[in-house]
């Protein structure tokens, strides 16, 4: 048998570099007039607030803030982080992300050995009972764990994919069919990367995350661009417009529910406004059953 080259494990994300870039990009998006500071005539070499302006707003010394922005978050207090978060006008998700990056010892979850993500039987039964409602459970790194027949009818039968490829980030950026599926693909892609960034702040040592980010960075220019923005966002709720190959355009509201016994798992459901054309189309997809899933497969999504 021929010798195979050794494959090295992916490098974990550098938490110091993540902290530095996150603070820099948050500072770059603010202008003096945004935060009530006077704008002087001196031209700015870089966009956004200067370090001394941000330090003034947060009530810390320029030297102290500079060390923090260089990735040195050792011994930084919660009060200082709160002040910097207010000065940068961070969202709740961004504030939490900053805290995870700057104070990993206090907020880092105990690292567990690699394990197969399991879904409780009760959740599987719940998905099957949600007749007419596309629903699935996603896990760490946006992996798609289980789904019901209606989700397969709308998004394609993920069961036709190898388990390693049942991942929203891979599908959104590497599967051409999913670019056609979402009418506003850019919004879906941005949301996907923002969630992965938030997950990375909590799990920078996750080798599967590092491998996923590395793969997507190599294969997708759009992913590289969005990853460089350092935007973070919680999973939430909203509206997506789906371009279905059989049912046409569907306007669906989605809800993301965190599961209490596993904070890395989410139940995601989609529904249409009662009486709408989209609701009627969902009923048709439900009646078509497996044929609808096969139609989604033939569109090239899986």
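The values are calculated or read from the model by the stated rules, or taken from the named source; none is laboratory data. Please read these numbers as outputs of a predicted model, since none were measured by experiment. Don't worry about glycine lacking a Cβ; one is built from the backbone with ideal geometry, like all the others, and counts go over all protein chains shown.
Quick check on my filter: what residues within region 247-267 are surrounded by fewer than 17 Cβ atoms within 10 Å (Cβ to Cβ) and outside any strand (DSSP E or B)?
Within region 247-267, 260, 261 qualify.
Consider region 190-218. How many of its residues are more than 15 Å from residue 235 (Cβ to Cβ) and assigned to a helix (DSSP H, G or I)?
Number satisfying all stated conditions: 12.
So in region 154-175, with the set limited to residues that are over 21 Å from residue 252 (Cα atoms) and touching a residue at least 60 places away in the same chain (Cβ under 8 Å), which one is nearest to the chain's Cα centre (by Cα)?
Of everything passing the filter in region 154-175, 175 is nearest to the chain's Cα centre (by Cα).
Out of the residues in region 62-114 meeting the condition of being more than 22 Å from residue 29 (Cβ to Cβ) and assigned to a helix (DSSP H, G or I), tell me which one is modelled with the lowest pLDDT.
107
Let's see how each residue does on (1) in contact with a helix residue (DSSP H, G or I) (Cβ under 9 Å, 6 or more places away or on another chain); (2) modelled with pLDDT of 95 or more; (3) closer than 14 Å to residue 242 by Cα:
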{"residue": "166", "(1), (2), (3)": "yes, yes, no"}
{"residue": "170", "(1), (2), (3)": "yes, yes, no"}
{"residue": "177", "(1), (2), (3)": "yes, no, yes"}
{"residue": "180", "(1), (2), (3)": "no, no, yes"}
{"residue": "184", "(1), (2), (3)": "no, yes, yes"}
{"residue": "188", "(1), (2), (3)": "yes, yes, yes"}
{"residue": "192", "(1), (2), (3)": "yes, yes, no"}
{"residue": "199", "(1), (2), (3)": "yes, no, no"}
{"residue": "204", "(1), (2), (3)": "yes, no, no"}
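Taking residue 70 as the residue in question, decide whether it is outside the structural domain of residue 244 (by TED's automatic domain parsing) and either free of Cβ contacts under 8 Å to residues at least 24 places away in the same chain or within 24 Å of residue 264 (Cα to Cα) (or both).
No: the conditions fail for residue 70.
Can you give me the number of residues within region 268-301 that are at pLDDT 85 or above, surrounded by 19 or more Cβ atoms within 10 Å (Cβ to Cβ) and not in a loop (DSSP other than H, G, I, E, B)?
7
If a residue must be touching a helix residue (DSSP H, G or I) at 6+ places or on another chain (Cβ under 7 Å) and free of Cβ contacts under 8 Å to residues at least 40 places away in the same chain, how many such residues does region 245-282 contain?
So the answer is 4.
Given the criteria within 22 Å of residue 271 (Cα to Cα), outside the structural domain of residue 101 (by TED's automatic domain parsing) and buried (at least 19 other Cβ atoms within 10 Å of the Cβ), does residue 185 qualify?
no
Surrounded by 21 or more Cβ atoms within 10 Å (Cβ to Cβ) and outside any loop (DSSP other than H, G, I, E, B): does that describe residue 170? Give the steps one after another, and end with the answer.
Values: surrounded by 21 or more Cβ atoms within 10 Å (Cβ to Cβ): yes; outside any loop (DSSP other than H, G, I, E, B): yes.
The answer is yes for residue 170.
Within region 115-142, which residues are in a helix (DSSP H, G or I), touching a strand residue (DSSP E or B) at 6+ places or on another chain (Cβ under 7 Å) and within 15 Å of residue 260 (Cα to Cα)?
123, 140
Filtering region 21-47 down to residues that are buried (at least 17 other Cβ atoms within 10 Å of the Cβ) and closer than 13 Å to residue 87 by Cα, which residue is modelled with the lowest pLDDT?
Among them, the one singled out is 30.
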